[in-house]
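K.L.:
Here's a structure for you.
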């Protein structure tokens with residue numbers, strides 16, 4: 001495992017302190033706090049002990065659920081960074097169906113390779129490769 005940098009350690013300590021403060025001020029059992037964050041109790045203890053870094057989704061849940069603000073190297077990270085519903089995910093691209101007929105029409109003789117893979121007295125097997133260029 002790579003050695004943590006001083007900056008990583010600072011952020012880990014800030015997250016641990018703010019999570020501790022939020023859990024204590026709300027009198028939350030650790031099991032409930034872990035459920036809110038969507039992690040196991042053991043993982044929560046790792047965050048509280050500053051030995052594991054939560055991912056962005058976990059941080060966003062804490063910021064929203066507990067109104068936590070993280071102060072790191074002169075910057076304040078608050079729930080507003082993540083929007084109303086938490087971490088923003090890009091919308092998946094719509095699938096696009098390519099037309100096989102259009103692709104075949106675009107072929108040139110340089111895009112077709114034919115190889116004989118097997119010869120028998122009664123048959124020949126061919127391998128046909130088509131190179132489609134976008």
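Readers should treat all values here as calculations from the given coordinates under stated rules, not as data from a laboratory. Small disclaimer: the values here were computed from a predicted structure and weren't measured. Cβ: placed from backbone, ideal geometry, glycine included. Neighbour counts: every protein chain shown.
K.L.:
Determine one quarter of the surface area of the Cα convex hull of segment 4-43, which equals its mean projected area, and express it in nm² to one decimal.
P.N.:
Working: hull surface 12.0 nm².
Over all viewing directions, segment 4-43 projects a mean Cα-hull area of 3.0 nm².
K.L.:
Report the calculated FRET efficiency for residue 127 and residue 103 (r = Cβ-Cβ distance, R0 = 25 Å), to the nearest 0.05.
P.N.:
My answer for the efficiency is 0.85.
K.L.:
Provide the gained length on full extension for the span residue 67 to residue 8, in nm with one decimal, where the gain is 0.36 nm per separating residue minus the Cα-Cα distance. Please report the intermediate quantities before stating the final value.
P.N.:
On the way: separation 59, 0.36 × 59 = 21.24 nm, distance 2.24 nm.
Separation in residues times 0.36 nm, less the Cα-Cα distance, equals 19.0 nm.
K.L.:
How far, in degrees from 0 to 90, does helix 6-25 lean away from the longest principal axis of the Cα atoms of the chain, to the nearest 10?
P.N.:
60 degrees
K.L.:
Suppose a student asked you for the relative contact order of the chain, using Cα pairs under 8 Å spaced at least 6 residues apart; what percent would you report? Display every interim value, and only then the final one.
P.N.:
Numbers: 114 pairs, mean separation 21.5, N = 134.
RCO, the chain: 16 percent.
K.L.:
Given the -39500 (n - 2.57) contribution per DSSP H run of 4+ residues, what per-residue ellipticity at 222 nm results for the chain, rounded to the nearest 500 deg cm²/dmol? Present the calculation step by step, with values, prior to reporting the outcome.
P.N.:
Numbers: 5 runs with 53 residues, N = 134.
Computed ellipticity for the chain at 222 nm equals -12000 deg cm²/dmol.
K.L.:
Report the residue, chosen from 38, 49, 74, that carries the largest GNM mean-square fluctuation when the chain is represented by alpha-carbon nodes joined by springs under 10 Å.
P.N.:
Fluctuation is largest for 74.
K.L.:
At 0.36 nm per residue, minus the direct Cα-Cα distance, what do residue 110 and residue 35 gain on full extension? Give it in nm, one decimal, please. Please list the in-between numbers first.
P.N.:
On the way: separation 75, 0.36 × 75 = 27.00 nm, distance 6.00 nm.
Full extension of this stretch gives 21.0 nm more.
K.L.:
In Å and on Cα atoms, what radius of gyration and Dmax does segment 6-82 show?
P.N.:
11.4, 32
K.L.:
Could I ask something else about it? If you consider only alpha-carbon coordinates, what radius of gyration and Dmax does the chain have, in Å?
P.N.:
28.1, 86
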